[in-house]
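All remarks here apply to the structure that follows.
The values are calculated or read from the model by the stated rules, or taken from the named source; none is laboratory data. Note that the coordinates shown come from a computational prediction; the quantities given were computed from them, not determined experimentally. Here the Cβ positions follow ideal geometry from the backbone for every residue, glycine too, while neighbour counts run over all protein chains shown. Note: areas computed on protein heavy atoms with side chains; ligands, DNA, RNA excluded. Shrake-Rupley method; radii C 1.70, N 1.55, O 1.52, S 1.80 Å.
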Amino acid sequence: MRGVRCVSFETARCVDSQLLASLMVMSDFFSYRHVHRYPKDLELIREVSLEDLSSWLAEHFEGLPQIQERVRDLTELRDILSPIFNEMRDGDEVWVCQSQRRAPLFGHEGVALVRVGRPVLYVRVIQY
């Protein structure tokens, strides 16, 4: 229930009920502010499987064993990223992405649900 308290009434109007339920599951890992619908200015890096995504996250969180343990568990990782996996349709892909503009202490990396070559949902994982 922690995640629900974080969502303001103004924000809740922008988020459908299925996405809101997904955000509750991932609230201890990411907040609703990390999820963006129809993001712009993203560079798609590579398509990934759940296993690839687990490895990518574990590499980024090297030295943080509690986080690494959670992202290595594929069932938990799927729950953490439930906004993406709950919205997947036939033909959709999961991609690792980054902001098009990057500089020291500026930019971000994350995971996107890509439909027909365009990101439709993005979870920002790392903010520089």
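Numbers for the structure displayed
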read-out	value
Residue satisfying all of: in region 101-128; out of contact with any Lys or Arg (no Cβ under 9 Å at 6 or more places or on another chain) and open to solvent by 70 Å² or more (accessible area, probe 1.4 Å); farthest from TRP56 (Cα to Cα) among these	VAL116
Condition check for GLY91: of a type outside the set (Val, Ile, Thr), in contact with a Lys or Arg (Cβ under 9 Å, 6 or more places away or on another chain), open to solvent by 20 Å² or more (accessible area, probe 1.4 Å) and at positive phi	yes
Residue check, GLY63 in a loop (DSSP other than H, G, I, E, B), of a type in the set (Gly, Ala, Ser) and either modelled with pLDDT of 90 or more or open to solvent by 70 Å² or more (accessible area, probe 1.4 Å) (or both)	no
Test set (1) touching a Cys at 6+ places or on another chain (Cβ under 9 Å); (2) among the acidic types (Asp, Glu); (3) at pLDDT 90 or above - GLU93 fails condition number	(1)
Odd one out for SER82 among (1) in contact with a strand residue (DSSP E or B) (Cβ under 6 Å, 6 or more places away or on another chain); (2) closer than 16 Å to LEU121 by Cβ	(1)
Every residue from region 77-102 that is closer than 15 Å to SER49 by Cα, part of a loop (DSSP other than H, G, I, E, B) and in contact with a Leu (Cβ under 7 Å, 6 or more places away or on another chain)	MET88, ASP92
Pairs, first at pLDDT 85 or above in region 97-111, second among the acidic types (Asp, Glu) and crowded, with 18+ Cβ neighbours inside 10 Å, C-beta under 6 Å, six or more apart	GLN98/GLU109
Out of VAL96, VAL111, sole residue that is farther than 17 Å from LYS40 by Cβ, in contact with a strand residue (DSSP E or B) (Cβ under 7 Å, 6 or more places away or on another chain) and not acidic (Asp, Glu)	VAL96
Within region 42-55, considering residues that are in contact with a strand residue (DSSP E or B) (Cβ under 6 Å, 6 or more places away or on another chain) and either at pLDDT below 90 or not β-branched (Val, Ile, Thr) (or both), the one nearest to ASP79 (Cα to Cα)	GLU47
